[in-house]
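Novice: One structure is given below, represented as structure tokens, and several questions about it will come after.
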């Protein structure tokens, strides 16, 4: 997408300054577009299979301009999941870091015209704050919004099926797998932390959309509900992880997708880890 659409306050000169690592996975200088990935993470522990974020989903009808790219998709998502050795029925937890359209889509699939949970044996974990924020019952008098359709077809059917659990600020999925509130991108945005106090890894959701935000943490995305709080949350995460062994696994960084934060004389930098 255009860099100003993703990061409205960006000075595009930084794209040239950082071209050595931005091109080709994070920026295409031929058309001036920044690149994002939309992916899930599959976390296997000795006890559970945990799917973190559920992308955009197939066969969803997206009428609003903000979500048009996700209209009537037909991707081999479940085939790709199966290639890891995990079938939908093998997933124990689905953890949505927040309830934006590109993080909940595969929560459900179409079955004879009805949206049903894609992962029949899973408990779906939703932030209670985000659930109440996006709940269409609470927004009857509000203007239509981008996530209204996805809430109806990708969140409510899970609740109706009795597979949803609304969680608060701190939630333990199991020992050393902790969901922690990191609001800003949305009011109930969360991260998933591994290890004692999250020292091993952090699935950071949309705390950062693009690796440029590591270098310029004051740049919030154009999709942030609370951009100022998002800036504070992002900077706090970077300060916590800088020069530590903690692996950061964001939801949208281009390949190779993951890395570590280090401090520099100018602020922070991101060292990608090639799997």
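Novice: Residues that are in contact with a helix residue (DSSP H, G or I) (Cβ under 7 Å, 6 or more places away or on another chain) and free of Cβ contacts under 8 Å to residues at least 60 places away in the same chain: list the strands (runs of 3 or more DSSP E) wholly contained in the stretch 24-108 that include at least 3 such residues. Full working, then the answer.
Specialist: Details: elements: 41-44, 49-52, 93-95.
Correct list: empty, since no element meets the threshold.
Novice: Let me ask something additional. If you check every pair at least six apart or on different chains, which have Cβ atoms under 6 Å apart with a residue in the stretch 162-181 that is in contact (Cβ under 8 Å) with a residue 60 or more places away in the chain first and a residue that is surrounded by fewer than 20 Cβ atoms within 10 Å (Cβ to Cβ) and not in a strand (DSSP E or B) second?
Specialist: Listed by first residue and then by second, the contacts come to 174/47.
Novice: On the basis of being buried (at least 24 other Cβ atoms within 10 Å of the Cβ) and modelled with pLDDT of 95 or more, does residue 116 make the cut? Lay out the reasoning, then the answer.
Specialist: Numbers: buried (at least 24 other Cβ atoms within 10 Å of the Cβ): no; modelled with pLDDT of 95 or more: yes.
So residue 116 fails the test.
Novice: Among the residues of the stretch 219-238, how many are surrounded by fewer than 18 Cβ atoms within 10 Å (Cβ to Cβ) and within 16 Å of residue 12 (Cβ to Cβ)?
Specialist: 1
Novice: Considering each residue of the stretch 62-98, count those that are buried (at least 20 other Cβ atoms within 10 Å of the Cβ) and over 19 Å from residue 252 (Cβ atoms), and give that number. Please lay out each step first, then the result.
Specialist: Let us first name the residues in the stretch 62-98 that are buried (at least 20 other Cβ atoms within 10 Å of the Cβ), namely 62, 67, 70, 77, 81, 91, 93-98.
Next, from what is left, pick out any that are over 19 Å from residue 252 (Cβ atoms): 91, 93.
Of the residues in that region, 2 qualify.
Novice: May I pose another question? Among residues belonging to the stretch 46-61 that are surrounded by 15 or more Cβ atoms within 10 Å (Cβ to Cβ) and more than 17 Å from the chain's Cα centre (by Cα), point out the one that is farthest from residue 83 (Cα to Cα). Walk me through it before giving the result.
Specialist: Going residue by residue through the stretch 46-61, those that are surrounded by 15 or more Cβ atoms within 10 Å (Cβ to Cβ) are 48-58, 60.
Narrowing further to those that are more than 17 Å from the chain's Cα centre (by Cα): 48-49, 58, 60.
On the way: 48: 18, 49: 14, 58: 18, 60: 24 Å.
Here the answer is 60.
Novice: Being in contact with a helix residue (DSSP H, G or I) (Cβ under 9 Å, 6 or more places away or on another chain) and more than 30 Å from residue 114 (Cβ to Cβ) is the filter here, so list the residues in the stretch 150-186 that pass it.
Specialist: The answer is 168, 169, 176, 178, 180, 181, 182, 183, 184, 185.
Novice: Could you please tell me which pairs satisfy a Cβ distance under 7 Å, a separation of 6+ or placement on different chains, a first residue in the stretch 134-161 that is loosely packed, with under 14 Cβ neighbours inside 10 Å, and a second residue that is modelled with pLDDT of 85 or more and assigned to a loop (DSSP other than H, G, I, E, B)?
Specialist: That search, which allows pairs on different chains as well, returns 144/64.
Novice: Let me ask something else. Can you find a residue that is more than 23 Å from residue 33 (Cα to Cα), in contact (Cβ under 8 Å) with a residue 40 or more places away in the chain, touching a strand residue (DSSP E or B) at 6+ places or on another chain (Cβ under 7 Å) and assigned to a loop (DSSP other than H, G, I, E, B) anywhere in the stretch 200-216?
Specialist: Of the stretch 200-216, the ones more than 23 Å from residue 33 (Cα to Cα) are 200-204.
Of the ones still in play, those that are also in contact (Cβ under 8 Å) with a residue 40 or more places away in the chain are 200-204.
Going one step further and asking which of them are touching a strand residue (DSSP E or B) at 6+ places or on another chain (Cβ under 7 Å), we end up with 200-204.
Subset that is assigned to a loop (DSSP other than H, G, I, E, B): 200.
Yes, the conditions are met somewhere in the stretch 200-216.
The values are calculated or read from the model by the stated rules, or taken from the named source; none is laboratory data. Because the structure is a prediction, the values reported are computed rather than measured. Heads up, the Cβs are rebuilt from the backbone with ideal geometry, glycines too, and the neighbour counts pull from every protein chain shown.
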